[in-house]
Amino acid sequence: MDQILYEVTDHIAVITLNRPEAANAQTMALLDDLDAAWTRAADDDEVRVIVLRANGRHFSAGHDLKDRWPAPRDVTLEWINNTEARRYLGYSLRWRNVPKPSIAAVQGKCIAAGLMLCWPCDLIVAAENAEFSDPVVRMGIGGVEYHGHTWELGARKAKEILFTGRGLTADEAERVGMVNKVVPLDELDDAATELAQRIASMPAFGLRQAKRAVNQTLDVQGFYSALQSAFDIHQTGHGNALSVDGYPILTRLEEMKEHIKKA
């Protein structure tokens, strides 16, 4: 089964996460295929809007903890840094900067790395049952690699969510401005499509200029530099885990697995 589905209709590219049996947990291969789909949409002149959605009950349970990593003796901080700089932070920043408007349609759980799929999108439409969380402090690490928390939630709400590991409901996310619209679950795809159609009717060049202006304003305010700095802080978490457990991630692996299972 293809982990990523792709189709274009009426100038709208729909990219679908397609691992419903694993709550769309992200393997390295899935991320590579997802990046290829984003690139395909970005390069297609017929595409004016990109919609990212997911099959199944949940948008994404984050990184697949069963995905193949090197044996502990072979894992180095250099390997971790290179892998995460490319596939995690690197991919998310690239998707954020695709010069076409993008919409994430989120249902169910959106955990940790799931945020790194929806946050790079320009707009987020959430089902009423959507819940957003980043519980990786349980692993002794200060947050996912694309550390958009403060920008998306504001400083105090970001600290609350990180410190406690609790989920943010769709309604809460809308109130703080992270989510644009909340709809019943059975209306999610239609709502995202309707929004995409409205945007696709606008001049493509104007859309490109508007997105560039907003993104560059955020960058002038420090968005890009802050994410790079937070990524460096994230790497110290791996170093601490390595010194404590001999492995650069998951100092409390079983607790993290249990948290995701309950979610």
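The values are calculated or read from the model by the stated rules, or taken from the named source; none is laboratory data. Note that the coordinates shown come from a computational prediction; the quantities given were computed from them, not determined experimentally. Note that we place each Cβ from the backbone using ideal geometry, even for glycine, and neighbour counts take in every protein chain shown. Surface accessibility is based on the protein's heavy atoms, side chains included, excluding ligands, DNA and RNA. Shrake-Rupley method; radii C 1.70, N 1.55, O 1.52, S 1.80 Å.
Side notes on the structure shown:
- Matching residues, the stretch 143-159, being closer than 15 Å to S92 by Cα and either among the aliphatic types (A, V, I, L, M) or over 18 Å from the mean Cα position of the chain (by Cα) (or both): V144
- Residue in the stretch 124-147 that is in contact with an Asp or Glu (Cβ under 9 Å, 6 or more places away or on another chain), in a helix (DSSP H, G or I) and surrounded by fewer than 22 Cβ atoms within 10 Å (Cβ to Cβ) present: yes
A quick yes/no check of all residues on (1) touching a helix residue (DSSP H, G or I) at 6+ places or on another chain (Cβ under 6 Å); (2) surrounded by fewer than 24 Cβ atoms within 10 Å (Cβ to Cβ):
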site: A22; (1), (2): no, yes
site: Q26; (1), (2): yes, no
site: D32; (1), (2): no, yes
site: D35; (1), (2): yes, yes
site: L65; (1), (2): no, yes
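- Single residue of the stretch 100-121 satisfying the filter (in contact with an Asp or Glu (Cβ under 8 Å, 6 or more places away or on another chain) and part of a strand (DSSP E or B)) that is nearest to A210 (Cα to Cα): S102
- So A213, is it in contact with an Asp or Glu (Cβ under 9 Å, 6 or more places away or on another chain), among the aliphatic types (A, V, I, L, M), over 25 Å from D10 (Cα atoms) and modelled with pLDDT of 95 or more: no
- Cβ-Cβ under 8 Å pairs, at least 6 apart or on other chains, the stretch 125-143 side at positive phi, far side at pLDDT 95 or above and open to solvent by less than 10 Å² (accessible area, probe 1.4 Å): G143/D134; G143/H149
- For the stretch 191-232, the set of residues classified as of a type in the set (A, V, I, L, M, F, W, C) and loosely packed, with under 13 Cβ neighbours inside 10 Å consists of F205, A213, V214, V220, listed by residue number.
- Qualifying residue in the stretch 55-69 (condition: at pLDDT 95 or above, touching a strand residue (DSSP E or B) at 6+ places or on another chain (Cβ under 7 Å) and closer than 21 Å to P248 by Cα): yes
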